[in-house]
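Everything below concerns the one structure shown next.
Every read-out reported here was derived from the displayed coordinates using simple, explicitly stated rules and does not represent laboratory data. If you're wondering where the values come from, they're calculated on a predicted model, not measured in any experiment. Here the Cβ positions follow ideal geometry from the backbone for every residue, glycine too, while neighbour counts run over all protein chains shown.
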Amino acid sequence: MPRREQQQRMKSNVALVKKFNISHWVKLFFNRLHEIKREQKAHASRKLQGATLKKITDKLAQSKRRLLFLDYDGTLVGFKKEANAARPTAAVLQVLADLQRDPANQITIISGRPHTDLRKWFGDTDYFLIGEHGAWSNFPDGQWRDKPDMPTAWKTPVRRIMSKFTDRTPGANIEEKNYSLAWHYRKVHTGLGLMRAQELADALRYLLPQYGLQLLLGDKVIEVKINVLNKGKAALEIVEQYKPDFIFAMGDDSTDEDMFFELQDSAVTVKVGNKQTQAQYYIENQEDVLELLTQLRTEQNKKTDVSTGL
Ligand SMILES: [Mg+2]
């Protein structure tokens with residue numbers, strides 16, 4: 001930078017500094033410092049372990065009517081190449097059954113999957129099941145119902161665009177659900193899949209405001225659904241009717257953020273994976289889910305042992 005410009009800049013900086021007294025500058029500095037600390041705190045969900053976990057299990061042990069919201073893919077099960085292959089493992093089914101056996105616990109599986117998948121895997125349980133991000137639910141009596149009068153006109157243009165990309169991308173496929181369309185690229189070569197997914201997202205974006213749609217960028221899937229359906233609203237509906245005294249909500253992707261946001265004041269919210277999140281806590285990865293649920297079950301058993309004197 002030329003010497004002359006340096007001098008000019010310095011002059012105006014000095015003028016600004018001199019304009020205010022020292023207490024003004026100190027105040028400004030500390031205000032900004034506090035602001036940054038507040039921001040950091042808001043973004044920093046804490047890892048669910050040690051004393052933090054103990055605090056939560058203590059709270060759980062004291063409660064009498066618990067509602068546990070659990071996402072399915074990426075939370076209860078890991079990702080598989082074939083969406084249909086992602087059935088729950090025996091260990092997951094066992095820990096869920098053990099939890100549900102305590103009359104104080106009510107499990108709710110909340111997923112973007114078609115309700116038929118949830119029915120296939122959990123149809124013989126008394127869990128509350130929510131499919132397609134809230135479009136379908138068996139709450140409260142085990143009877144499946146979908147939300148009436150949801151718009152579907154948006155599907156035609158979205159399907160047309162998705163089909164064009166499917167034709168150009170070997171291995172990609174479209175999954176049609178009642179109120180959403182998903183473009184899967186789990187089986188596409190990684191580089192090509194990512195590139196096409198980006199192009200598809202760009203191509204779809206202009207349709208979103210026109211039809212009131214939401215674009216979800218998941219793990220090897222791009223999904224378009226109507227805005228009015230989301231896991232947050234679906235979870236709140238159940239909470240309002242069920243009136244639990246302890247709520248636990250766990251999930252791994254962007255659709256679970258709606259749930260974390262809606263339940264934030266009343267629930268223990270847990271993100272699977274250490275990403276930016278609205279959840280209060282996080283665990284490292286999907287493999288840790290089973291361990292966490294097992295710990296919750298153990299705490300529940302301890303409590304049962306104490307109350308029965310065993
Ligand atoms: Mg998930």
Quick one: 3J(HN,Hα) in Hz for the stretch 205-212, Karplus 6.51/-1.76/1.60 with θ = phi - 60°, rounded, Gly and Pro as x.
3, 5, 7, 4, x, 4, 10, x
Mean projected area in nm² (Cα convex hull; one quarter of hull surface) for the chain
24.1 nm²
In nm, to one decimal, how far is the Gln210 label point from the Thr156 one, both placed 7 Å along Cα→Cβ?
1.2 nm
Between Asn274 and Phe29, take the C-beta separation as r, use R0 = 41 Å, and let me know the FRET efficiency to the nearest 0.05.
0.85
FRET efficiency for Asp219 and Thr52, using Cβ-Cβ distance with R0 set to 25 Å, rounded to 0.05:
0.40
By the scheme Lys and Arg +1, Asp and Glu -1, what is the net charge of all other residues having a beta-carbon under 12 Å from that of Lys120?
+1
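What's the extension gain from Arg4 to Arg145 if we count 0.36 nm per residue and subtract their Cα-Cα distance?
Result for the pair: 43.3 nm of gain on full extension.
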Taking every alpha carbon pair in the stretch 74-166 and sorting the distances into 10 angstrom bins from 0 up to the bin holding the longest one, the percent per bin comes out as 14, 39, 31, 13, 4, 0
The stretch 7-23 - phi-based ³J(HN,Hα) in whole Hz, Karplus 6.51/-1.76/1.60, Gly and Pro as x:
5, 4, 5, 4, 4, 5, 5, 4, 4, 5, 4, 6, 4, 10, 8, 4, 5
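As a test of the formula, what do you get for the chain when each DSSP H run with n ≥ 4 contributes -39,500 (n - 2.57) and the sum is divided by the residue count, at 222 nm and rounded to the nearest 500 deg cm²/dmol?
-15500 deg cm²/dmol
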Listing Tyr242, Tyr185 from the residue with the fewest other Cβ atoms within 10 Å to the one with the most, what is the order?
Tyr242, Tyr185
Amide H neighbours of Phe139 under 5 Å, at least 5 residues apart or on other chains, H built in the peptide plane: list them.
Leu129
Cα-based convex hull, the stretch 155-226, per residue volume (Å³, whole number):
71 Å³
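If you stretched the chain out fully between Leu192 and Lys120, how much longer would it get, using 0.36 nm times the residue separation minus the C-alpha to C-alpha distance?
Gain on stretching Leu192 to Lys120: 22.6 nm.
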Hydrodynamic radius of the stretch 198-310 per Kirkwood, over alpha carbon pairs, in Å
16.4 Å
Step through the residues of the stretch 124-136 one at a time and calculate ³J(HN,Hα) from phi using the Karplus curve (6.51 cos²θ - 1.76 cosθ + 1.60, θ = phi - 60°), rounding each to whole Hz and writing x for Gly and Pro.
9, 10, 10, 6, 7, 10, 10, x, 6, 6, x, 5, 10
Run the numbers for Gln62 and Phe79: contour at 0.36 nm per residue of separation, minus the present Cα-Cα distance, in nm.
2.6 nm
